[in-house]
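Engineer: Once you've had a glance at the structure underneath, I'll fire off some questions.
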Amino acid sequence: MKPVCVLGNGQLGRMLRQAGEPLGIAVYPVGLDADPATLPIADSVITAEIERWPETALTHELASHPAFVNREIFPRLADRLSQKQLLDQLHLATAPWQLLADKSEWPSVFASLGELAIVKRRTGGYDGRGQWRLRAGETDALPEECYGECIVEQGINFSGEVSLVGARGHDGGTVFYPLTHNLHQDGILRTSVAWPVADQAQQQQAEAMLSAIMQELNYVA
Ligand SMILES: Nc1ncnc2c1ncn2[C@@H]1O[C@H](COP(=O)(O)OP(=O)(O)OP(=O)(O)O)[C@@H](O)[C@H]1O
Ligand SMILES: [Mg+2]
């Protein structure tokens, strides 16, 4: 079994290492400042636990490696513009949205999306950061540099958020975990729990959506 080098050594990389152990797969979470000479890079499969990374000698070596799986997918999913375009292209339900390119667009944004606008930075936002909830009259609160760098979504009055984790093999076969229900506090995910009895219809709907995404991206992992 080939070793796996993971670009990034945060908690996801460490969890991958743990998961690899009982399977006999050696996983090396790699900090951006690591010394390439200490790693079995040439013989490894490469992946990343972060969506974007600075250009260093190490990240260049890993990212240009022929065995880097899903390499083209990272930037496509890391930018909310191309991420939302992908969902629209696949006809998957997503909050109505548009690119927010200029201040002059606000009247038409509220006219087409409704009274509550959720502005999100295209890249780099997480834990609710890089996000603004704005109504007409509040748009001056948005920093100038956001225009062109953000999308804006319709504010959805939703009853809950669920997550699905799945995997897809080289043969196109897919497997999924049960859906988990997410509880956030101040934009930060605090708990994620699977219900003892799954909602089969919801599970199947989510699996069909994630399958469509993984297949379109030819995602393997
Ligand atoms: N269109 C929306 N309408 C209402 N609430 C929203 C909308 N989009 C996001 N939210 C709320 O804001 C939270 C954070 O948004 P979102 O999940 O898009 O960003 P994130 O968690 O920072 O990044 P990631 O893309 O990694 O999930 C959501 O969990 C949800 O509670
Ligand atoms: Mg989120």
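Engineer: How large is the accessible surface of K2 in square angstrom, using a 1.4 angstrom probe and rounding to the nearest 10?
Structural biologist: My reading of the accessible area for K2 is about 120 Å².
Engineer: Here is a follow-up. Report, in cubic angstrom per residue, the convex hull volume of the C-alpha atoms of the stretch 101-221.
Structural biologist: Working: hull volume 17.8 nm³, N = 121.
Taking only Cα atoms, the stretch 101-221 has a hull volume of 147 Å³ per residue.
Engineer: First compute the accessible area of the stretch 114-221 with a 1.4 Å probe, then give the percent of it belonging to carbon and sulfur atoms.
Structural biologist: It is 50 percent, rounded to a whole number.
Engineer: State in Å² the accessible area per residue of the chain; use a 1.4 Å probe, count heavy atoms of protein chains only, and round to the nearest integer.
Structural biologist: Solvent-accessible surface per residue comes out at 61 Å².
Engineer: With θ taken as phi - 60° and the coefficients 6.51, -1.76 and 1.60, list the Karplus ³J(HN,Hα) couplings across the stretch 189-205 in order, rounded to whole Hz; mark glycine and proline as x.
Structural biologist: Once θ is set to phi - 60°, the couplings for the stretch 189-205 become 5, 9, 9, 9, 10, 8, 6, x, 10, 6, 7, 4, 5, 5, 4, 5, 5 Hz.
Engineer: Ok, one more. With a cut-off of 8 Å between alpha carbons and a minimum separation of six or more residues, what is the relative contact order of the chain in percent?
Structural biologist: 15 percent
Engineer: Once the Cα atoms of helix 11-20 and of the chain are each reduced to a long axis, what angle between those two axes, in degrees from 0 to 90 to the nearest 10, is obtained?
Structural biologist: Orientation of helix 11-20: about 40 degrees from the principal axis.
Engineer: Which of the peptides 142-149, 112-119, 46-53, 19-26 is most tightly packed, and how do the rest follow, judged by the mean count of other Cβ atoms within 10 Å per residue? It would help to have the intermediate numbers written out before the result.
Structural biologist: Working: 142-149: 13.0, 112-119: 16.2, 46-53: 17.8, 19-26: 11.5.
So the peptides 142-149, 112-119, 46-53, 19-26, ranked by packing, come out 46-53, 112-119, 142-149, 19-26.
Engineer: Okay, helix-only estimate at 222 nm for the chain: each DSSP H run of n ≥ 4 adds -39500 (n - 2.57), divide by all residues, round to 500 deg cm²/dmol; what do you get?
Structural biologist: When only DSSP H runs of four or more count, the value is -8000 deg cm²/dmol.
Engineer: Let me ask something additional. Which percent, nearest 5, of DSSP beta bridges in the chain are antiparallel?
Structural biologist: Restricted to the chain, the bridges split so that about 75 percent are antiparallel.
Engineer: Please report, to two decimal places, log10 I(q)/I(0) for the chain at q = 0.10, 0.16 Å⁻¹ as given by the Debye formula with identical point scatterers on the Cα atoms and no solvent.
Structural biologist: Scattering profile of the chain, log10 relative to I(0): -0.57, -1.29.
Engineer: With θ set to phi - 60°, apply the Karplus curve 6.51 cos²θ - 1.76 cosθ + 1.60 along the stretch 98-114 and write out the HN-Hα couplings as whole Hz, x wherever there is a Gly or Pro.
Structural biologist: In residue order, the calculated couplings are 7, 5, 9, 9, 7, 4, 5, 7, 3, x, 6, 4, 5, 5, 9, 9, x Hz.
Engineer: Roughly how many whole Å is it from the C-alpha centroid of the stretch 124-155 to that of the stretch 160-194?
Structural biologist: Using only Cα atoms, the two centres lie 26 Å from each other.
Engineer: For the stretch 64-111, rounded, prolate or oblate, judged on the Cα gyration tensor with a ≥ b ≥ c (square roots of eigenvalues), a/c < 1.5 rounded, else prolate if a/b > b/c?
Structural biologist: In terms of gyration-tensor shape, oblate.
Engineer: Let's see if you can work this out: charge +1 on each Lys and Arg Cβ, -1 on each Asp and Glu Cβ, no other charges. What is the dipole magnitude of the stretch 1-99 about its Cα centre, in debye to the nearest 20?
Structural biologist: Working: 8 positive and 11 negative charges, 60 e Å.
The calculated dipole for the stretch 1-99 is roughly 280 debye.
Engineer: Still on this structure, please answer the following. Given the options V69, H91, P107, identify the residue whose Cα lies farthest towards the positive end of the charge dipole of the stretch 58-159 (+1 on Cβ of Lys, Arg; -1 on Cβ of Asp, Glu).
Structural biologist: The Cα lying farthest towards the positive end belongs to V69.
Engineer: With +1 on each Lys and Arg Cβ and -1 on each Asp and Glu Cβ, and nothing else charged, work out how big the dipole of the chain is about its Cα centre, in Debye to the nearest 20.
Structural biologist: The calculation lands at about 320 debye.
Engineer: Got a sec to turn the phi values of the stretch 85-96 into Karplus ³J(HN,Hα) couplings, 6.51 cos²θ - 1.76 cosθ + 1.60 with θ = phi - 60°, whole Hz, x for Gly and Pro?
Structural biologist: Going residue by residue, I get 4, 4, 5, 5, 4, 8, 6, 9, 4, 8, 4, x Hz, with x marking Gly and Pro.
Engineer: Could you state how much accessible area D127 has, in square angstrom rounded to the nearest 10, with a 1.4 Å probe and all protein chains kept in place?
Structural biologist: 70 Å²
Engineer: How large is the charge dipole for the stretch 1-52, taken about the Cα centre, if only the Cβ atoms of Lys, Arg (+1) and Asp, Glu (-1) carry charge, to the nearest 20 debye?
Structural biologist: 120 debye
The values are calculated or read from the model by the stated rules, or taken from the named source; none is laboratory data. Model, not experiment: these values are computed from the prediction. Every residue, glycine among them, receives a Cβ derived from its backbone with ideal geometry; neighbour counts consider all protein chains shown. Quick note on the areas: whole protein, heavy atoms, side chains included, nothing else; ligands and nucleic acids left out. Shrake-Rupley method; radii C 1.70, N 1.55, O 1.52, S 1.80 Å.
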